[in-house]
Amino acid sequence: MRNEDSTERVNKFHILYYDCGERTWQNTFWLGVPAQKCPLDLWTYQEIIYETRPDIIVECGTANGGGALFLASICDLVRNGRVITVDTKESNVRPRHERITYLTGSTVDEETVGRIRRTITGADKVMVILDSDHTKNHVRKELRLYSDLVTVGNYLIVEDTNINGHPVLKSFGPGPMEAVQEFLAENEDFIIDKNREKFFMTFNPEGYLKRVKRTV
């Protein structure tokens with residue numbers, strides 16, 4: 001099968017899966033809690049956590065808390081790590097877990113970023129997941145604010161790089177993908193890890209950024 005034929009088939013399935021969101025990703029649960037993710041990405045997350053053993057996972061964008069609960073559950077299984085998750089909206093119905101800390105505020109607010117920084121020690125291995133406001137300018141700000149927290153060998157994952165025609169929601173406008181492209185043009189510490197896209201379909205194409213060095 002030619003590569004272009006394979007890519008076209010994957011994109012068609014991706015669009016079908018995404019557009020049927022009420023049956024698929026909007027109807028996905030982790031331990032009964034809504035987790036608006038692609039299960040293939042969640043499987044990749046657990047592989048990354050097992051391999052890199054992050055001490056802290058920062059999640060920008062909490063929603064119902066299903067993603068945070070999934071991450072905390074994997075941390076339980078590997079017996080290491082905790083999750084700091086941030087959202088502009090407060091909620092009393094999100095799942096409670098000893099490894100989860102909920103913060104309320106804008107992910108690009110200096111006070112919010114400061115609170116997160118103060119919880120991290122120099123010995124901590126840190127992973128970051130960006131899944132809040134998907135406009136390009138917002139994601140670009142998050143990339144600049146949170147990239148420095150990520151330790152060498154760990155990941156900065158930008159979610160929903162598939163929107164704005166990559167291949168879904170063609171009319172969305174510049175979003176996470178475009179923010180990643182601009183970020184990588186100015187930062188050589190990260191590379192796109194295409195090995196994390198081995199399941200063909202991912203909501204985060206070119207969004208698995210691995211830190212390979214720390215420029216002084």
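Here is how the numbers come out for the structure above:
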item: Which numbered condition Asp5 fails, given (1) surrounded by 12 or more Cβ atoms within 10 Å (Cβ to Cβ); (2) without any contact (Cβ under 8 Å) to a residue 12 or more places away in the chain; result: (1)
item: Test result for Thr112, out of contact with any Asp or Glu (no Cβ under 7 Å at 6 or more places or on another chain), under 14 Å from Val86 (Cα atoms) and at pLDDT 95 or above; result: yes
item: Inter-residue pairs, beta-carbon under 8 Å, first over 24 Å from Arg53 (Cβ atoms) and at pLDDT 95 or above and in the stretch 122-146, second in a helix (DSSP H, G or I) and of a type in the set (Phe, Trp, Tyr), 6+ apart; result: Arg140/Phe183; Arg144/Phe183
item: Residue check for Gly153: part of a loop (DSSP other than H, G, I, E, B), touching a Phe, Trp or Tyr at 6+ places or on another chain (Cβ under 9 Å) and surrounded by fewer than 16 Cβ atoms within 10 Å (Cβ to Cβ); result: no
item: The listed residue being surrounded by 15 or more Cβ atoms within 10 Å (Cβ to Cβ) and either under 18 Å from Gly61 (Cβ atoms) or touching a Ser or Thr at 6+ places or on another chain (Cβ under 6 Å) (or both), out of Asn187, Asn137, Asn164; result: Asn164
item: Per-region count, the stretch 26-59, residues in a helix (DSSP H, G or I) and either in contact with a strand residue (DSSP E or B) (Cβ under 6 Å, 6 or more places away or on another chain) or within 19 Å of Lys198 (Cβ to Cβ) (or both); result: 14
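The values are calculated or read from the model by the stated rules, or taken from the named source; none is laboratory data. The shown structure was predicted, so the numbers you read here are calculated from the model rather than taken from an experiment. Heads up, the Cβs are rebuilt from the backbone with ideal geometry, glycines too, and the neighbour counts pull from every protein chain shown.
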